[in-house]
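Only one structure is covered here, and it is reproduced in the block below.
The values are calculated or read from the model by the stated rules, or taken from the named source; none is laboratory data. This one's a predicted model, so the numbers in the text were calculated from it and none came from an experiment. Note: ideal-geometry Cβ built from the backbone for every residue, glycine included; neighbour counts use all protein chains shown.
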Amino acid sequence: MELIGPASVDEMIRLFIEAEITSERFGSRLKAIISRLEAETGIPFNPDSMDKESCLLRRRALSEHRGYGAGKDVFEGFPEKVSWFWAYLTSEELKSIKYINYSYWVELTGGTRYARDAVKTILDDKRIFGVPNDGFLKTAEAVRNGAVFKPLILVATCENPDERIILEGHLRLTAYMLAIDCIDKVKVMIGYAPYGKLLGWGLY
């Protein structure tokens, strides 16, 4: 891993929002939440600004959207204090990332949760819970054509920093696995927390 430097929790929240607002699956709902919060608070949504009001709006949006700070949904049991950093991971390091402990991702990998093990399932067109694999294949093709995506958000324990779990960016990570021959290194944000704290996260 090539460490770039420290990141703040507000940068993590901004990155999470930026990535999911363009998602085919989550984007519409998130945009609706932000529009309502803009009307309620009078704070305009500025994806680039890191001023206090913009950060507050994004925190509230991520709380409603994904349960951040409320201990719900993706962030159920997630540690309050996480040390965030920017880094680059090589293609080999990407292969060691695990999906969250969620039934779809567990089944997609044959129980291992390693993203690399999803490749065979997808290429064999085995549909988990009837979900098509088209999105993975389409995004992988974009990777091969040189598309650049938002950094992945990962977490790891302080005691075992090389065992990384993806918090945001499952589709992008899967596409990287499908087009791994085109990957040199990928920018990520990674958060570290003590094992005892991260163990309480429902998706760990």
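Which residue out of 7, 61, 19 is in contact (Cβ under 8 Å) with a residue 60 or more places away in the chain, farther than 20 Å from residue 163 by Cα and not aromatic (Phe, Trp, Tyr)?
19
Conditions (1) among the β-branched types (Val, Ile, Thr); (2) over 13 Å from the mean Cα position of the chain (by Cα), marked per residue:
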{"position": "126", "(1), (2)": "no, yes"}
{"position": "140", "(1), (2)": "no, yes"}
{"position": "159", "(1), (2)": "no, yes"}
{"position": "165", "(1), (2)": "yes, no"}
{"position": "170", "(1), (2)": "no, no"}
{"position": "177", "(1), (2)": "no, yes"}
{"position": "181", "(1), (2)": "no, yes"}
{"position": "190", "(1), (2)": "yes, no"}
{"position": "193", "(1), (2)": "no, yes"}
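Yes or no: residue 66 at pLDDT 95 or above, more than 19 Å from residue 151 (Cβ to Cβ), in contact with a helix residue (DSSP H, G or I) (Cβ under 8 Å, 6 or more places away or on another chain) and among the charged types (D, E, K, R)?
no
Just checking, does the range 81-94 include any residue being assigned to a helix (DSSP H, G or I), assigned by TED's automatic domain parsing to the domain that holds residue 152, surrounded by 14 or more Cβ atoms within 10 Å (Cβ to Cβ) and of a type in the set (A, V, I, L, M, F, W, C)? Outline the logic, then answer.
Pass one, the range 81-94, residues assigned to a helix (DSSP H, G or I): 91-94.
Next, only the ones that are assigned by TED's automatic domain parsing to the domain that holds residue 152 stay: 91-94.
Now drop any that are not surrounded by 14 or more Cβ atoms within 10 Å (Cβ to Cβ), which leaves 91, 93-94.
Of the ones still in play, those that are also of a type in the set (A, V, I, L, M, F, W, C) are 94.
Yes, there is a match, as at least one residue in the range 81-94 is assigned to a helix (DSSP H, G or I), assigned by TED's automatic domain parsing to the domain that holds residue 152, surrounded by 14 or more Cβ atoms within 10 Å (Cβ to Cβ) and of a type in the set (A, V, I, L, M, F, W, C).
If I go through the range 72-95 residue by residue, how many of them are under 18 Å from residue 5 (Cβ atoms) and among the hydrophobic types (A, V, I, L, M, F, W, C)?
Residues in the range 72-95 being under 18 Å from residue 5 (Cβ atoms) and among the hydrophobic types (A, V, I, L, M, F, W, C): 6 in total.
Among the residues of the range 147-161, what is the count of those that are assigned to a loop (DSSP other than H, G, I, E, B) and touching a Pro at 6+ places or on another chain (Cβ under 8 Å)?
As a first pass, look at the range 147-161 and keep what is assigned to a loop (DSSP other than H, G, I, E, B): 147-151, 158-161.
Right, trim to touching a Pro at 6+ places or on another chain (Cβ under 8 Å) and you get 158-159.
Final tally of qualifying residues: 2.
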